[in-house]
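Any read-out appearing in this document is the output of simple, stated calculations on the displayed coordinates, not a laboratory observation. These numbers were taken from a predicted model, which means no experiment stands behind them. Reconstructed Cβ throughout: ideal geometry from the backbone, glycine too, with neighbour counts over all protein chains shown.
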Amino acid sequence: MANEPRSYREVIAEAVRALRPQARIVAAEPEELESLVEELRPHVVVGNRVSPAVRSRVPAWVELYPGYGTESFSCVGEEHTTYDDIQLPDLLSIIDQTRRLAQRS
Amino acid sequence: MGEAKTLHGKIEITEGQVEEQTANILLVEDHASFRQALAFMFEREPEFSVIAQAGSVSEARVAKNGVDVAVVDLGLPDGDGIELVEEFSSSEPRIATLVLSASLEPARFASAVEAGAAGVLHKSASIGEIVDAVRRLRNGQALLSPNEMIQMLRTVSRKRQEEMDARQAIEKLTRREKEVLQALATGMDSKEIAENLHITVETERTHMVNILNKLGVHSRLQALVFAVRHGVIEIR
């Protein structure tokens, strides 16, 4: 998770850690994202903006409130979704879908 | 046996014996995923109970019953969180309001304090800072020192004076002077503005000198920035 502001990143990361204890959640500064993706090879990346370079290296990504509006975007495998008002269960669902995808492949 | 009385988040049972009571929290935040995660975090703490969540000013207005601490964002889809802070402060003084905003303008935070916010936090705060702030409010502790409070109120007062001065300066501008500013905003130089408004370059310069004097600025660029900032002209 490398989204801003910090309170969003930390609070959402902490909630996801508690609700999906099997997932390893790393919260990082946005500028660290590309190098961490290279190092950790995560299954899901959450940022305000996710660069094409990062998108090409992960099975799933979420652009959470880019531009600080209410819209968000995600991609799991080949499936792209736009959210008018993304909910915490949507984020959990993205993690679950990605996990199933990783188990299948 | 001493008389029991309710404090902020605590019940004093007898002298020196204090029992912790759950603080009822209202979260007002339009970013649902953050609001829900924050509610989850508070619910994990035995001393807090999130009794209501609202994504807008109108939802918050009907969710304030029984609330001890309200955590309020300022940029809400149907209004300004400062309105809520003001309403809670005047009609529900038992609610301690913590403003949690992404605004980078100190004047916004200062306005929130003037409206009655007990504390202000930027959204770059950590989880620990947010929880600690709510805990302190629950215990009836101040988040701002008297000095910080005074500084914030001074900021509001200064900002209000600046806005009043700007309004008065704008009122002095003639229609023609506003047209000159609007032409300036399209990137025209003196000669082009003169041609566009069918006046001589000397007249254009006279208008510009008058504009600079009235707005209390020293350059065309400053005049342009002032005019855009205060809505005299639009950049298309």
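The figures follow:
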quantity	calculated
Segment A:GLU38-A:GLU71, extension gain: residue separation times 0.36 nm, minus the distance between their alpha carbons	9.1 nm
Taking A:LEU64, B:LEU143 and counting other C-beta atoms within 10 Å, the order from fewest to most	B:LEU143, A:LEU64
Relative contact order of chain B, pairs being alpha-carbon contacts under 8 Å that are 6 or more residues apart, as %	12
Per-pair calculated FRET efficiency, R0 = 51 Å: B:SER145 and B:GLU171 via Cβ, rounded to 0.05	0.85
DSSP bridge orientation in chain B - percent antiparallel, rounded to nearest 5	30
Nearest-0.05 FRET efficiency for B:VAL62 and B:THR22, computed from C-beta distance (R0 22 Å)	0.50
Local net charge near B:ALA52, Cβ-Cβ under 9 Å (Lys/Arg +1, Asp/Glu -1)	0
Distance (nanometres) between label positions extended 7 Å along Cα→Cβ at A:ARG55 and B:ILE199	5.1
GNM flexibility winner over chain B from B:GLU59, B:GLU148, B:GLU179 (Cα, springs under 10 Å)	B:GLU179
Rough spin-label spacing in nm, given labels placed 7 Å along Cα→Cβ, for B:THR206 and B:GLU92	6.1
Inter-site label distance for B:GLU47 and B:ASP189 at 7 Å from Cα along Cβ, in nm	6.7
Ranking of A:VAL58, B:VAL28 by count of other Cβ atoms within 10 Å, fewest first	A:VAL58, B:VAL28
Taking A:TYR68, A:TYR8, A:TYR83 and counting other C-beta atoms within 10 Å, the order from fewest to most	A:TYR68, A:TYR83, A:TYR8
Pairwise centroid distance, computed over Cα atoms, of the stretch B:59-115 with the stretch B:36-56, Å	16
